[in-house]
Amino acid sequence: MIIGDAKNRTLVPSLVIAGGVTVAGLALPLDTSLEYTLTAAIVWAIAAIGLDVLVGFTGQVSFGQAAFVAIGAYATSALRIHLGLPTPIAVILGVGATGAIALLLGSVVVRYRIFGIATATLFFGYLVVTALMGDVLRPVFGGANGLAVPEFELVGSHGKPYLILVCAVLIVVVYLTCSLMDSQTGRALRLVKSNEAVAAAVGIRVSRMKMLSFVYCCILAAIAGVLYSGIVGYLGPEGFGIKQSVNIFAMLVVGGAGTVGGPILGALLVTILPGYLLRDGHISAIVFAAVLLLFLILLPEGIYGLGQRVGQWLVRVFPPLGRLSRRRARAAARSVRHDPDAATGTVGGASRAVDERPEAEAGIPALEIDGLEVKFGDFIALSDVDVRIRAGSVHAIIGPNGAGKTTLLNAVSGLYVPSRGDIRVFGASTRGVAPHRIRQRGVVRTFQTPAIVPDLDVLDNVKLGLDADEKGSFWADLLGRVATRRRERALEAEAQWALDAVGIDESRRSLLAKNLDLSEQKRVEIARGLVGHARLLLLDEPTAGLSVKQMESLGATLKDVHARFGLTIMVISHHIGFILDIADEMTVLDYGRVIGNGEPAEVLARPLIAATFMGVEAEAADAPGATVGTEGA
Amino acid sequence: MGLYISAAISGIAVGLLYGMIGFAIVMLYKSTGVANFAQGTLATLGAFVAWALVTDAGLPLLAAIPIALIASGMFGVIVYFVVIRPRASAGNLNITVRTLGLSLLLLAVMEWRWGALAPYRYPTIVQGDGIQIASVVLPAQTLLIAGVAAVIMVLLWALFRYTRAGLSFRALAEQPDTARLLGLRATRLSAATWGLSAILGTIVGVLLAPSAFLAPSMMESYLLFTFTGIVLGGLTSLPGALLGSVIVGIVSNVAIVAFSLEAGVLVVFAILLIVMAVRPQGLLGKQEAVRL
Amino acid sequence: MRIAFNRSAKLAGAGAAVALALALGACSGGSPGAGGETSGGAVAEVGVTADTIRLAASQTLSGPGAASCAPSTDAAQLYFDKVNDEGGVDGRKIDFEVLDDGYDPQRALANVRGFIDSKFAMVGACGSATAAAIYRTLSDAGMPFLFPTNGVAEVVKPASPGILQLLPLYEDQTASMVRYGFEEFGSGSIFVVVNPLGEYESAISRAREVAESGGGSFVDSAVAQLGTTDYTPIALQIKEADPDFVVMSMGGSDSAKFVNALVDQNALPRSAVLGTSASVAGSFLSSYNTAASDKVYFGSAIQLPPSAENECTQLLAGGDFANDPIALIGCASAQAIVEAIRQTPELTRANLLATIESWDEEDISPGIFAPVSFSATDHIGLKTLYVVQPQGTEFGVIAECPYSEDENADASCTPAG
């Protein structure tokens, strides 16, 4: 359940938006009321940017954002008023406290699906307002009477100095957020958004990433709260109810989710429209709801997306503009291209080809499955499955629909927990081991429908394969290219190498992954597997949906990487020709049980297999690249 | 003791109302994957329509209600075609937020049209003192709510069990992709589900308005508990929505009587968090296998 | 569809929203002659010119509170229109602007910041939370804030310069009502139920003090959010506690829901249900269960039904809110403001405030408000609380109680003649 595509490389446009608002706010002669409304809008924009990280980039929801604004505002103000702490210390403690509460709530809610998170955050928002109104906290927070907030030193409580402060914070927040979203951490969030199971299999700690995103979202809310407390000079529970949480959500939607800069525009529209331009209560409420609906239906990408489209249209109408921007993109690309030293030097890259493979020599199998049983409720998907895969071999799994092939792969990669039996990867049991840990042992898999991030470009998709090994540091990622340039260059070189290996044309590498054709997407997924320290590659139906020619070419690629890097490959396929071409051994599954095992040609010749399995599709099996069964799309 | 029994009984009555709203939300969620945040506002709108028919058109209440039910059913279908169906590919969260926007819009329109003199006293279908057993009072309205809830549950159960439309709905809910491949008319079915949701909403609105008084924001506090009930019940389980909501109703009312109003909310939230942590699939929900 | 798209496209285009809003702001901007100091000329006050006096209010015009709040400023507007039709105040017309704040403190403050440099005074509106949010800003700017409906003590106690209200605080009202109840029915046990309207804790504790010092007892209290849908659990608690009196400080429709729940659960107290002026609203009359009417006693800031002689009674008669006490309060407050302006020789903010602070037993709206008195240290005007009972679709006064912030000075109530 996602809200739409996120945008890439948002730093420049978002900074332009933030800077534009700053310049306009400072340069134009605003009347007091508009200046105040503008300042408040920017404050809410900061909270909306936080929500964008959670919603637009991580694919989660929160209908309690205003509650975290309240917590930040109240905590900081109470520390300043009651303990007399200096403002900077109060701010750090107040924002920190908000982060801690977010962490606590997050640790429970991130496990849940969207509906649950929505309900829990909505409820939490309601509860915070109730608590702020209530008796217990009244001595500290003033109950329904609210809390008078003393002015901030230096900037006072309103006017240009305050606007400068708020804009400065906005620009810093935009810079940090854009940097984070364009980094390895941001890419991991976006894989979580597009498919949590895939993210886990790629080695991402899904719950941790969701929590990181939730806490980041709430910290920005708290910062907005601090600024809000200063400009309003008064905190009352009324301003932070569910209604305001919905307003923040509306800012995000109207501005454009997954853009960082968009929510700023959304906040301006949502705050200034009813607060300043439309002063009749009913009309403004109707217009507000109607604008929100129109955006959702007609312009789901928000103002930011519209701006981008206008930009593309301008490029079409005035080609010189296009040349300019293309030149810039090329220059950027050149700066990171073709630096083979970076790859081999820091990450390993092609150097892995000469890695020693002690297991192969010691005779430890890459994968041993003993007596595996997987149950879904009462349904037994796999029972008593034994598979043994020699290190360095290519092992095929075949079987009709529903035989349990994908279930087997999921069990190996840790996505399903077996009810009985044991799985050992390179000699070590994976019982109770989380998917991302299994991934760290070198188990890399692909999925039947290519599990890539559709709104991320090809190169970035491949970089995700390195998440397990080259974990980005959150703090470095926040600082952006300044801090991550070296690592990014290494990742880039590594990804280029892997794309070379799977034969993706250079001209296709800067496209969004969703714009590639199916066979390319499958190659990208394999490349993502290759860049990590893959030792055992699990391929789920790499051939489904491919033409014969594409299949042959993919087979050649696989044989090539297998030979060059000594990978062990376990592959599910329906295409007998393909299997005969690449596999050393084969296991046949039917109704969740192993019914044959051995050298492919020999197994296929067995009467039992031929009768129960091949017999059905004898005709088809004759042809090269024939299909066994008919796997649904 | 009588106090707690009375509290539990009033909790059941409230819970049944939450539950019927929750039922409609789960129905839509199962068939379209969308959490309908406008369900409460649809209920209020339905109650307003019935009320307008009584006061403006001078109809007797028992004639106004069926007309309001039909009108709200049609309105539900219109909402589906105008708000939900265009660009349905935009993603479930987009559509979910659309329902939120729809809710705000309907609310704003009701505030504008009827807000000035709200809240209104709402005519009751049943009059009388209800039943008194020892110190426990069963108000007439509570009995009516329980009766209507029972009738509706039986009707819906029969609908899903024995009619073609009901079977199609279940197919759509269990396996949306397959159902579409098999040629089920998903659009028609989704539109019908929207209509049915709006009708259920109107029933709840008409039952609630006599005690809560008719005002545009009448259902606001209801939605929170309804969603909690749904999550407790397991998101995708229709009986679960009802069970979860009744639990929420009883627990919150007993906690309020035993401690305070704030405690009622707090206890319900604690239960929500505990169930989410311990049994993420909810009380009656099924554990969903990850589809890859 | 196409038109709609173009429209949203226009709104959105390339950050145009910002530019548009800012540009509009720039046009309407340019602060008009800043500063509120008198500088010699006959007319040198903000918002006052030779022919107009600019007044403003920030009111809850949207959202759940709008229904009960809006009538007060609507009625004030009607009165100002009437004054203008009759030639204005000393030749000056009153220009009254009402902005919506949706009961949101942030928006209320935004409205106020816009008013300070352009309006002469703020007319009070609904809402403790908004009043609490804006009063300091107004007080600092020296802008009169005349007669808000407010229950937050710190706004008027101690007196903040410029902030004056007519209505007694709810805490003083609950105290008065308990005293009245004990006088009428003999002392007994009380159960207090409040919505968080302003100072609700002290509303409970003051009722308790008066009950205990008057020979009665305090059983328990409950706090319910404004807009609570189901009051049954509280009614059940009361039934269990079985008090002699229920004391409440709740909004109009909440009061009705609560009283109805008491009736449904056979939980009405033995002696009386005592309420504050917050319950005295049209929304109570339109929806309470009449079975409770002879047990219900509310404190009211105004005489009900209002005297037919009063201009406001005549003005509102036949309109949408003829019987709405909140509209009457709005209109009568406007009367008081106009009277204050008339009495102020040289119209500046400071002089206006001085005029009002000098009022002693001033009959500003005879037949609606009892005479009001202010001083430099006392910014609550009314000294009398009417006790009213719902009678069908009207409230009727049954007694008058002197009210004073001084605990011991209270004489006993007198039945209305």
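Data for the structure
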| quantity | calculated |
| --- | --- |
| Count - residues of the stretch C:141-155 that are more than 10 Å from every other protein chain (Cβ to nearest Cβ) and more than 13 Å from the chain's Cα centre (by Cα) | 4 |
| Condition broken by C:Pro325, with the remaining ones in (1) more than 15 Å from C:Thr393 (Cβ to Cβ); (2) within 12 Å of the chain's Cα centre (by Cα) satisfied | (1) |
| Checklist (1) part of a helix (DSSP H, G or I); (2) of a type outside the set (Asp, Glu); (3) outside the structural domain of C:Met177 (by TED's automatic domain parsing) applied to C:Ser253, failing item | (3) |
| Any hit, the stretch B:31-48, residues being farther than 28 Å from B:Phe160 by Cα and of a type outside the set (Val, Ile, Thr) | yes |
| Verdict on A:Thr446 being over 27 Å from A:Ile397 (Cβ atoms) and surrounded by 18 or more Cβ atoms within 10 Å (Cβ to Cβ) | no |
| Some residue of the stretch B:60-82 being in a helix (DSSP H, G or I), surrounded by fewer than 23 Cβ atoms within 10 Å (Cβ to Cβ), among the aliphatic types (A, V, I, L, M) and within 10 Å of another protein chain (Cβ to nearest Cβ) | yes |
| Residue list for the stretch C:48-90, restricted to those being part of a loop (DSSP other than H, G, I, E, B) and either over 19 Å from C:Tyr103 (Cβ atoms) or away from chain A (no Cβ under 14 Å) (or both) | C:Thr49, C:Ala50, C:Asp51, C:Glu86, C:Gly87, C:Gly88, C:Asp90 |
| Qualifying residue in the stretch A:131-138 (condition: in contact with a helix residue (DSSP H, G or I) (Cβ under 6 Å, 6 or more places away or on another chain) and closer than 22 Å to A:Val21 by Cα) | no |
| So B:Ile203, is it crowded, with 18+ Cβ neighbours inside 10 Å, more than 12 Å from chain C (Cβ to nearest Cβ) and either modelled with pLDDT of 85 or more or assigned to a loop (DSSP other than H, G, I, E, B) (or both) | yes |
| Some residue of the stretch C:306-318 being of a type in the set (A, V, I, L, M) and buried (at least 24 other Cβ atoms within 10 Å of the Cβ) | yes |
| Any chance B:Ala241 is over 15 Å from the mean Cα position of the chain (by Cα) and either modelled with pLDDT under 90 or of a type in the set (Gly, Ala, Ser) (or both) | no |
| Flag for A:Ala47 being in contact with a Pro (Cβ under 9 Å, 6 or more places away or on another chain), crowded, with 24+ Cβ neighbours inside 10 Å and farther than 29 Å from A:Arg309 by Cβ | no |
| Residue that is under 27 Å from B:Thr55 (Cβ atoms) and in contact (Cβ under 8 Å) with a residue 60 or more places away in the chain, where the choices are B:Leu138, B:Leu200, B:Leu105, B:Leu189 | B:Leu200 |
| Helices (runs of 4 or more DSSP H) fully within the stretch C:299-404 counting 3 or more residues that are among the polar types (S, T, N, Q) | C:325-343 |
| Selection within the stretch A:190-205 - away from chain B (no Cβ under 14 Å) and over 17 Å from A:Leu54 (Cα atoms) | A:Gly203 |
| Number of positions in the stretch A:292-312 that are under 16 Å from B:Val82 (Cβ atoms), within 8 Å of chain C (Cβ to nearest Cβ) and of a type in the set (Val, Ile, Thr) | 0 |
| Hits in the stretch A:232-246 - residues which are touching a helix residue (DSSP H, G or I) at 6+ places or on another chain (Cβ under 7 Å), surrounded by fewer than 24 Cβ atoms within 10 Å (Cβ to Cβ) and assigned to a helix (DSSP H, G or I) | A:Ile242, A:Gln244, A:Val246 |
| Qualifying position, being surrounded by fewer than 24 Cβ atoms within 10 Å (Cβ to Cβ), within 14 Å of another protein chain (Cβ to nearest Cβ) and either modelled with pLDDT under 90 or in contact with a Pro (Cβ under 9 Å, 6 or more places away or on another chain) (or both), among C:Ser202, C:Ser271 | C:Ser202 |
| Scope the stretch B:1-48; condition within 24 Å of B:Met110 (Cβ to Cβ) and either surrounded by fewer than 21 Cβ atoms within 10 Å (Cβ to Cβ) or within 14 Å of chain C (Cβ to nearest Cβ) (or both); matching residues | B:Val14, B:Leu17, B:Tyr18, B:Ile21, B:Gly40, B:Thr41, B:Ala43, B:Thr44, B:Ala47, B:Phe48 |
| Residue satisfying condition, being within 16 Å of A:Thr121 (Cβ to Cβ) and part of a helix (DSSP H, G or I), within set A:Ser213, A:Ser284, A:Ser229 | A:Ser213 |
| Condition check for B:Gly101: under 21 Å from the mean Cα position of the chain (by Cα), at the interface with chain A (Cβ under 10 Å from one of its Cβ atoms) and more than 30 Å from C:Thr393 (Cβ to Cβ) | yes |
| Elements of type strands (runs of 3 or more DSSP E) in the stretch A:389-482, at least 3 residues being under 21 Å from A:Pro542 (Cβ atoms) | A:394-398, A:443-445 |
| Among (1) without any contact (Cβ under 8 Å) to a residue 60 or more places away in the chain; (2) out of contact with any strand residue (DSSP E or B) (no Cβ under 6 Å at 6 or more places or on another chain); (3) within 8 Å of chain A (Cβ to nearest Cβ), the one test that C:Asn111 misses | (2) |
| Residue in the stretch A:149-159 that is hydroxyl-bearing (Ser, Thr, Tyr) and more than 15 Å from A:Ile46 (Cβ to Cβ) present | yes |
| Flag for A:Arg113 being surrounded by fewer than 22 Cβ atoms within 10 Å (Cβ to Cβ), over 28 Å from A:Leu54 (Cβ atoms) and facing another protein chain (nearest Cβ under 9 Å) | no |
| Of residues in the stretch A:94-112 being in a loop (DSSP other than H, G, I, E, B) and in contact (Cβ under 8 Å) with a residue 24 or more places away in the chain, the one nearest to the chain's Cα centre (by Cα) | A:Val110 |
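A quick yes/no check of all residues on (1) within 12 Å of chain A (Cβ to nearest Cβ); (2) farther than 20 Å from C:Arg107 by Cα; (3) in a helix (DSSP H, G or I):
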residue	(1), (2), (3)
C:Met122	no, no, no
C:Ala132	yes, no, yes
C:Arg136	yes, no, yes
C:Ser160	yes, yes, no
C:Val178	no, yes, yes
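The values are calculated or read from the model by the stated rules, or taken from the named source; none is laboratory data. This one's a predicted model, so the numbers in the text were calculated from it and none came from an experiment. Please note: Cβ atoms are built from the backbone with ideal geometry, for glycine as well, and neighbour counts cover all protein chains shown.
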